[in-house]
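Each reported figure results from applying straightforward, stated rules to the coordinates on display, with no laboratory input. Quick caveat, the model's predicted, so the values are computed rather than measured. Here the Cβ positions follow ideal geometry from the backbone for every residue, glycine too, while neighbour counts run over all protein chains shown.
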Amino acid sequence: MSFRAIFIAVLVSASLIAAALILNARRPRVETAQPTAALVKASGKCAECHRRETEAMVVEFERSRHAAQGVNCLDCHQPVEGQEGQEHRGFTIATKLTAKNCAQCHHEQYQQFLRSRHAAPAYAAVLGSAPFTAQQISASEEYHPGAVERAANPLVGLEGDAAAVKGCLSCHSIGTPNTDGSIGSCTQCHARHLASVRLARLPETCGQCHMGPDHSQLEIYTESKHGVLFNDQRERMNLDADPNRLTAADMPVPTCATCHLSGLGGQRVTHDTSERLSYWLFAAVSDRRPGYLEAQNRMKDICNTCHVQAHTDRFYAQAESVVVATNAKIEAGMGIMKGLYDDGLLTRQPFDEPIEFTAFDFWHYYGRTAKHGAFMGGADFVQWHGNYELLLHQVELQAEADDLRSRRAGH
Ligand code: HEC
Ligand code: HEC
Ligand code: HEC
Ligand code: HEC
Ligand code: HEC
Ligand code: HEC
Ligand code: HEC
Ligand code: HEC
C-alpha cells in the first residue's frame with residue numbers, strides 16, 4: 001500500500017471514530033456508561049438492558065475477573081443439561097442456576113467441593129437423606145459414611161418448616177441437591193456476579209455461617225492473634241493474589257481460607273474443607289477422623305509455611321489435650337442422661353423435657369466451643385464460653401437429674 005493510501009485510510013477511520021464519539025455523546029447516559037468495547041461485546045444485549053433494569057448486577061459483574069476474561073452473561077445464564085429454560089427477551093435463560101453452571105468451566109473445583117462436607121452432608125444434616133437421589137447418596141457416602149444416609153434433624157419437625165427454611169437451610173443450603181442432578185451452590189462463598197478470590201478470602205465471608213454459640217469460628221478468629229493482625233493489615237494484604245501462586249508475602253497473616261482451602265507457598269488449593277481436619281470437632285465426643293495423621297500433617301504444613309515446626313507441634317499438643325479433656329467431661333454428662341433414659345425417667349422423644357436442653361447445650365454449645373477455641377486461638381472461648389460453662393452445666397445437669405430421681409422416689 002502506498003503512503004497516500006495509508007494516509008487516506010487513517011484519515012477516514014479517524015473521522016469515523018470522531019463521528020461515532022459525537023453521536024455517542026448525544027445518547028442517554030445509561031447507554032454510554034459502558035466502559036470498554038470488549039466488555040460491551042462480551043455482555044451484549046443483556047448488559048445493555050440490565051444496566052437500566054438492575055444496574056448493580058451489571059456493575060458487580062464488571063468488577064469480576066469473569067468480565068476481564070471475556071466470560072459473558074449467557075455463559076452462566078444459559079440452561080445446561082437437566083435445567084429448564086425460559087424465553088427472555090429473545091434469549092433462552094435457565095430458570096435457576098446451580099453449581100452445575102459454574103462446573104462447566106470449573107470442573108476441578110466442583111469435584112473437590114463434592115468431596116467436602118459443604119456438599120451433600122451439609123444439607124442432610126438438616127433434612128436427612130430424603131431429598132437426595134440414590135445416586136447422590138451413594139456418591140457422598142463414599143467420602144463421608146453416615147453423613148447423608150441419616151434421618152432428618154429432630155429440631156426441624158419441632159420448630160417447623162418456616163424456621164427451617166429461613167434458618168437452618170439458609171446456611172445448610174450450601175449443599176442443596178439441585179433438580180439438575182448437581183449438588184450445592186458456589187455462590188455462598190463467591191457471590192453471584194462478583195466472583196473473586198478476594199471475597200472468598202475474607203473471614204466475614206465464612207462468618208456468614210460460621211458464627212454463633214454452636215460454631216463460634218468467626219468470633220474465635222476475631223479474638224485470635226491472627227484475626228487481630230489481619231484486621232490491622234487487611235489494606236496491605238494482596239487479597240487478589242493468584243491462588244496458584246499465593247505466598248506468605250501476599251498474605252503474611254492467615255484467614256479462614258488460608259488454613260482450610262488456600263494453597264500457600266506451593267501447596268495445592270482445595271475446595272474440600274475436610275482435607276486438613278484430623279478430629280470430628282462438631283461431634284459431642286470428638287474422635288479422630290480416618291486419615292487423622294495425613295490430614296493433620298496437611299494443616300501443619302500450612303502452619304509451618306509461617307511458623308517453625310516446634311511452635312506448631314506445641315500448639316497442637318495443647319489443643320489435642322483440650323479435646324481429650326472435653327471428651328471426658330461430655331462423656332460424664334452423657335452418662336447422667338443415659339442413666340435417666342435407661343431407668344425410664346425420660347421419654348425417648350427428643351427435646352420434650354427441659355433437661356434435654358441442658359444436655360444439648362452442654363456439648364453443642366460449650367463442648368464444641370472449648371475445642372474450636374483451642375484449635376483456632378480463642379482463649380476466652382476455651383475458658384469462659386467453654387470450660388466454665390461446661391462446669392456450670394455439669395452441676396445443673398446433675399441437679400436436674402437428682403431432682404427427677406427424687407420426684408420419682410417421692411411417688
Ligand atoms: C430488553 C431488556 C432485557 C434484555 C435484553 C434482557 N433482560 Fe433480563 N430482565 C429484564 C427485565 C425487565 C427483568 C425483570 C423481570 C422480567 O420482566 O422478566 C429481567 C429479569 C432477568 C432475570 C431474572 C429472572 C427471574 O425470573 O428471576 C435474569 C436472570 C435475567 N433477566 C438475565 C438476563 C440475561 C442473562 C440476558 C441476556 C441473555 C437478559 N436478561 C436480557 C430485561 C432484559
Ligand atoms: C459467573 C456467572 C454469572 C455471570 C457471568 C452472570 N450472572 Fe447473573 N446470576 C448468576 C447467578 C448464579 C444468579 C442467581 C440465579 C439463581 O439464583 O437462580 C444470577 C442472577 C441474575 C439476576 C437476578 C438477580 C436478582 O437478584 O434479582 C439478573 C438480573 C442477572 N443475573 C443478570 C445478569 C447479567 C445482565 C449478566 C451480564 C452482565 C450476568 N447476570 C452475568 C450468575 C451469573
Ligand atoms: C448460621 C448458620 C447456620 C444455621 C442457621 C444452622 N446451622 Fe447447622 N451448622 C452450621 C455450620 C457452620 C456448621 C459446621 C460446624 C462445625 O463443623 O464446627 C453446622 C453444623 C451442623 C451439624 C453438625 C454437622 C453434621 O453433619 O452432623 C448439624 C447436625 C446441624 N448443623 C444442623 C442444623 C439444624 C438442624 C439447624 C436448624 C435447626 C441448623 N443446623 C442451623 C451453620 C448453621
Ligand atoms: C464460561 C466459563 C465460566 C463459567 C460458566 C464460570 N466461570 Fe469462573 N472463571 C472463568 C474464567 C475464564 C476465569 C478466569 C481464570 C483465570 O484468570 O485464570 C474464572 C475465574 C473464576 C474465579 C477466580 C476469580 C479471581 O478473583 O481470581 C472464581 C472464584 C470463579 N471463576 C467462580 C465462578 C463461579 C462461582 C461460577 C458460577 C456462578 C463461575 N465461575 C462460572 C470461567 C467461567
Ligand atoms: C452458606 C454457609 C457457609 C459458608 C459461607 C461457609 N460454610 Fe463452612 N460449613 C457450613 C456448614 C453448614 C457446614 C457443616 C457441614 C456438615 O458437616 O454437615 C460447614 C463445615 C465446614 C468445615 C468442616 C468440614 C468438615 O469436614 O467437618 C470447615 C472446615 C468449613 N466449613 C470451613 C469454611 C470456610 C473456610 C469458609 C469460608 C471460605 C466456609 N466454611 C464458608 C456452612 C458454610
Ligand atoms: C466454602 C467457600 C467456598 C465455596 C462453597 C466455593 N469456593 Fe471457590 N474458592 C474459595 C476460596 C477461599 C478460594 C480462594 C483460595 C485461595 O485463597 O487461593 C476459592 C477459589 C476459587 C477459584 C479460583 C481457583 C484457582 O485455582 O484459580 C475458582 C475458579 C472457584 N473458587 C470456583 C468455585 C466453584 C465452581 C465452586 C462451586 C463448586 C466454589 N468455588 C465453591 C471458597 C469457596
Ligand atoms: C491458623 C489456621 C486457622 C484459621 C485462621 C482458622 N482455622 Fe478453622 N481450624 C483450624 C484447625 C487447626 C482446626 C482443627 C483441625 C483438626 O481437626 O485437626 C480447625 C477447625 C475448624 C472447624 C471444625 C471442623 C469440625 O471438625 O467440626 C471449622 C468449621 C473451622 N475450623 C472453620 C474456620 C473458620 C470459619 C475460620 C475463620 C473465621 C477458621 N476456621 C479459621 C485452623 C484454622
Ligand atoms: C500465613 C502465615 C501464617 C499461617 C499459615 C499461620 N500463622 Fe500463626 N501467626 C502468623 C503471624 C504473622 C503471627 C504473629 C507472629 C508475631 O507476632 O511475630 C502468628 C501468630 C500465631 C500465634 C500467636 C503467637 C504465639 O506464639 O502465641 C499462634 C499460637 C499461631 N500463630 C498458631 C498458628 C497455627 C497453629 C497455625 C496453623 C494451624 C498457624 N498459626 C498458621 C502467621 C501465620
### Task
Sort 60-73, 305-318 for me by packing, meaning the mean count of neighbouring Cβ atoms within 10 Å per residue, highest on top.
60-73, 305-318
### Query
Cys259: net charge of surrounding residues, Cβ under 13 Å, Lys/Arg +1, Asp/Glu -1, itself excluded?
+2
### Query
Which value does Rg/Rh take for the stretch 310-410 over its C-alpha atoms, Rh per Kirkwood?
1.09
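Tell me, in nm to one decimal, what length is gained between Glu48 and Thr133 on full extension, where the rule is 0.36 nm per residue of separation less the Cα-Cα distance?
Full-extension gain reported as 26.6 nm.
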### Task
Give the span of the chain's Cα atoms along each principal axis, as three whole-Å numbers ordered largest to smallest.
111, 51, 37
### Query
Stretched out fully, how many nm does the piece from Gln208 to Asp380 gain, at 0.36 nm a residue minus the Cα gap?
59.8 nm
#### Entry: Among Ala103, Ala249, Ala164: highest mean-square fluctuation, GNM of the chain, C-alpha pairs under 10 Å
Ala249
### Task
Report, by chain and number, residues whose modeled amide H sits under 5 Å from the one on Tyr279, excluding near sequence neighbours (fewer than 5 apart, same chain).
Arg289
### Message
Which residue fluctuates most in the GNM of the chain (Cα springs below 10 Å): Glu356, Glu294, Glu235?
### Response
Glu235
### Query
Within straight cross-link reach of Lys338, meaning Cα distance under 18 Å, which lysines are found once same-chain residues fewer than 8 apart are removed?
Lys329
## Note on the structure
On the formula 1/(1 + (r/R0)^6), with r taken between the Cβ atoms of Ser173 and Gln398 and R0 of 56 Å, the FRET efficiency rounded to 0.05 is 0.90
### Per-residue HN-Hα couplings for the stretch 393-401 [Karplus 6.51, -1.76, 1.60; θ = phi - 60°; Hz; x = Gly/Pro]
6, 5, 5, 4, 4, 5, 5, 5, 5
### Task
Output ³J(HN,Hα) for the stretch 293-302: one whole-Hz value per residue in order, computed from phi by the Karplus curve 6.51 cos²θ - 1.76 cosθ + 1.60 with θ = phi - 60°, and x for Gly and Pro.
5, 4, 4, 5, 5, 5, 5, 4, 4, 5
#### Entry: Segment Arg245-His106, extension gain: residue separation times 0.36 nm, minus the distance between their alpha carbons
48.2 nm
### Rg to Rh, two decimals, where the stretch 276-356 supplies the alpha carbon set and Rh follows Kirkwood
1.19
## Note on the structure
Taking every other residue with Cβ under 12 Å from the Cβ of Ala124 and scoring Lys and Arg +1, Asp and Glu -1, one gets 0
### Query
Let a ≥ b ≥ c be the square roots of the eigenvalues of the Cα gyration tensor of the stretch 182-322; is it rounded (a/c under 1.5), or, if not, prolate (a/b larger than b/c) or oblate?
rounded
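In percent, how large is the relative contact order of the chain, given Cα pairs closer than 8 Å and 6 or more residues apart? Walk me through the numbers on the way to the answer.
Working: 502 pairs, mean separation 46.2, N = 411.
Contact order relative to length: 11 percent.
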#### Entry: Sum of side-chain charges, Ser274 neighbourhood, beta-carbon under 15 Å (Lys, Arg +1; Asp, Glu -1)
+1
### Task
Using a Gaussian network model of the chain whose springs link C-alpha atoms within less than 10 Å, name the residue from Pro177, Pro354, Pro154 with the highest mean-square fluctuation.
Pro354
### Task
Name the residues whose placed amide hydrogens come within less than 5 Å of the amide hydrogen of Ile183, ignoring near sequence neighbours (fewer than 5 apart) on the same chain.
Asn178
### Task
Would you mind computing, in nm to one decimal, how far apart the modelled labels at Arg288 and Gln233 are, each placed 7 Å from Cα along Cα→Cβ?
3.4
### Summary
Which of Lys300/Lys371; Lys100/Lys371; Lys100/Lys166; Lys45/Lys100 exceed 28 Å between C-alpha atoms? The answer is Lys100/Lys371
